[in-house]
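*Asks:* So that we are looking at the same thing, I have put the structure below in structure tokens.
FYI, it's all coordinate maths here, none of it is from the lab. Here the structure is a predicted model, which is why all the values come from computation and not from measurement. Heads up, the Cβs are rebuilt from the backbone with ideal geometry, glycines too, and the neighbour counts pull from every protein chain shown.
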């Protein structure tokens with residue numbers, strides 16, 4: 001996960017996904033890039049960002065399919081967390 005490098009972003013990014021999510025590694029790589037890009041301007045204020053992507057209904061076809069939780073840890077402050085559920089992860093990334 002990102003911790004500096006070419007982008008210069010020093011926010012620690014941890015991405016946790018359920019093993020049964022289709023395209024897991026591609027999703028992890030894409031989320032890492034997206035978080036790095038969108039939060040680069042907050043680099044001096046955030047120490048860590050955690051993302052959790054979970055399949056909430058398994059093989060069932062009713063209700064939301066995935067849940068995405070993002071927790072940001074600002075320097076010297078309590079963590080902030082947001083959770084969203086939807087049918088597909090790409091829809092949640094755009095939220």
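*Asks:* Stretch residue 78-residue 57 to full length: gain in nm at 0.36 nm per residue minus the Cα-Cα span?
*Replies:* Gain on extension, residue 78 to residue 57, equals 4.5 nm.
*Asks:* Among 24, 67, 38, rank each residue by its count of other Cβ atoms within 10 Å, from fewest to most, as a rough exposure measure.
*Replies:* By the 10 Å Cβ count, ascending, the order reads 38, 24, 67.
*Asks:* A further question on this structure: Expressed in nm to one decimal, what extension gain is obtained for the pair residue 47 and residue 85 from 0.36 nm per residue of sequence separation less their Cα-Cα distance?
*Replies:* Here the answer is 11.1 nm.
*Asks:* How far, in nm, would the chain grow between residue 10 and residue 26 when pulled straight, counting 0.36 nm per residue and subtracting the alpha carbon separation?
*Replies:* Contour length minus the Cα-Cα distance gives 3.6 nm.
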